[in-house]
Amino acid sequence: MLSPDELERYARHIVLREVGGPGQAALKRARVLVIGAGGLGAPALLYLAAAGVGTLGVIDDDTVALSNLQRQVIHGTSEIGEPKVESAAAAIRKLNPHVAVEMHPTRLVPANALDLIGRYDIVADGSDNFATRYLVSDACFFAGRPLVTAAVGVFDGTLTTIRAHERGGDGSFKPTYRCLFPEPPPPGSVPACAEAGILGALTGVLGSMMALEVIREIVGFGEGLVGRLVMLDARAMRFETLRYKRDPLNPLNGDALVITDLSGHR
C-alpha cells in the first residue's frame, strides 16, 4: 500500500497509464543493486530513489575525491574523504526517506558476487572496468537476475539489458554480455578516464538512461533493451541502436558450456 505522502510524491507516475498505482507499487517492492556510486551510478541512484524503488543496494569500495565531483553528482564537497556508499546513502535518504538503502563498502569479487547479487531483483552495473563487467554479467546469469549495464568513453556511451538466464520463444537462451563483447580489450588499450578525460554530463545522460531502463524492467512498459545496444555519440549528439543475438559459441550459455562457475574470474 502507498501512504498518502507517497501518493502525492509519486503523483506524476501514478497518472501515467503505463505506470499507475500497480506500477508504483511494483517499484516500492523492488530491490535494485547498483554497482558503483561513481559517474554512472550517481545519477542512476538518484533517479531510482526519486522513482520510489523500495530498496537500493549500493556497492563501492572507494572514497569521495575532489576529482569525482565533476560528474559524480550524488556526492558533495563536504563528503570528500568519506566512503562513497555512505555519501550516496545520505543523499538518497535526504531525497526520499521512503527508500531503504543497503550499503556494501566492498569490491565485487567472485567470492561475494553470487551472494550479493542474489539478494536483489535486478542489477544496474555502472562499474568502470572490464573485469567487473564480465564478472557481474556471469554472476547475474548464475543467480538468475536481469542486468542493465552501461559504459562510457570519452565522448560515447552504450546501454543494454541482459537476461541471459531466460529463454526466448524458440527455447534457446537470450544473448549474454559475451555475445556482444566476446573478449575484453587487451590490457592498457583503453585508457582510464583519469588519463583520457570524461565529460561529466555524458555520465549523467547514460546513468539516467540506466535508471530509466531499470524502471521499465520493473514496471513492464514498452520494449526493453534485451538484444539491443543503444549507442550515443556525444560529439554529434546521435543515438543509434545495434541489434544482437545469442552466439551459440559463447562460453556462458552457448551450445558447448565452458563457464560453469565464477572460478575463472580473478
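The values are calculated or read from the model by the stated rules, or taken from the named source; none is laboratory data. This one's a predicted model, so the numbers in the text were calculated from it and none came from an experiment. Note: ideal-geometry Cβ built from the backbone for every residue, glycine included; neighbour counts use all protein chains shown. What goes into the accessible areas is simple: the full protein's heavy atoms, side chains included, and nothing from ligands, DNA or RNA. Shrake-Rupley method; radii C 1.70, N 1.55, O 1.52, S 1.80 Å.
Here are the numbers for the structure shown:
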| read-out | value |
| --- | --- |
| Which numbered condition Thr132 misses (of (1) among the β-branched types (Val, Ile, Thr); (2) under 21 Å from Gly227 (Cβ atoms); (3) open to solvent by 10 Å² or more (accessible area, probe 1.4 Å)) | (2) |
| Residues being open to solvent by 20 Å² or more (accessible area, probe 1.4 Å) and either assigned to a strand (DSSP E or B) or in contact with a Gly (Cβ under 9 Å, 6 or more places away or on another chain) (or both) - total across region 203-214 | 3 |
| Among the candidates Val64, Val85, residue that is crowded, with 21+ Cβ neighbours inside 10 Å, in contact with a Pro (Cβ under 7 Å, 6 or more places away or on another chain) and not aromatic (Phe, Trp, Tyr) | Val85 |
| Filter result for the condition that a residue is out of contact with any Leu (no Cβ under 9 Å at 6 or more places or on another chain), under 22 Å from Glu223 (Cα atoms) and open to solvent by 50 Å² or more (accessible area, probe 1.4 Å), over Pro105, Pro22 | Pro22 |
| Among residues of region 152-187, those that are aliphatic (A, V, I, L, M), under 19 Å from Arg216 (Cβ atoms) and not in a loop (DSSP other than H, G, I, E, B), counted | 2 |
| Residue in region 220-242 that is nearest to Arg29 (Cα to Cα), counting only those that are open to solvent by 30 Å² or more (accessible area, probe 1.4 Å), in contact (Cβ under 8 Å) with a residue 24 or more places away in the chain and part of a loop (DSSP other than H, G, I, E, B) | Gly220 |
| Flag if Ile162 is over 21 Å from Leu257 (Cα atoms) and in contact with a helix residue (DSSP H, G or I) (Cβ under 8 Å, 6 or more places away or on another chain) | no |
| Pairs with Cβ under 7 Å, 6+ apart, first in region 3-29 and closer than 18 Å to Val99 by Cα, second of a type in the set (Phe, Trp, Tyr) | Gln24/Tyr10 |
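Yes/no per residue for (1) surrounded by fewer than 22 Cβ atoms within 10 Å (Cβ to Cβ); (2) more than 29 Å from Pro191 (Cα to Cα); (3) of a type in the set (A, V, I, L, M, F, W, C); (4) in contact with a Ser or Thr (Cβ under 6 Å, 6 or more places away or on another chain):
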residue: Ala91; (1), (2), (3), (4): yes, yes, yes, no
residue: Leu95; (1), (2), (3), (4): yes, yes, yes, no
residue: Asp115; (1), (2), (3), (4): yes, yes, no, no
residue: Tyr120; (1), (2), (3), (4): yes, yes, no, no
residue: Val123; (1), (2), (3), (4): no, no, yes, no
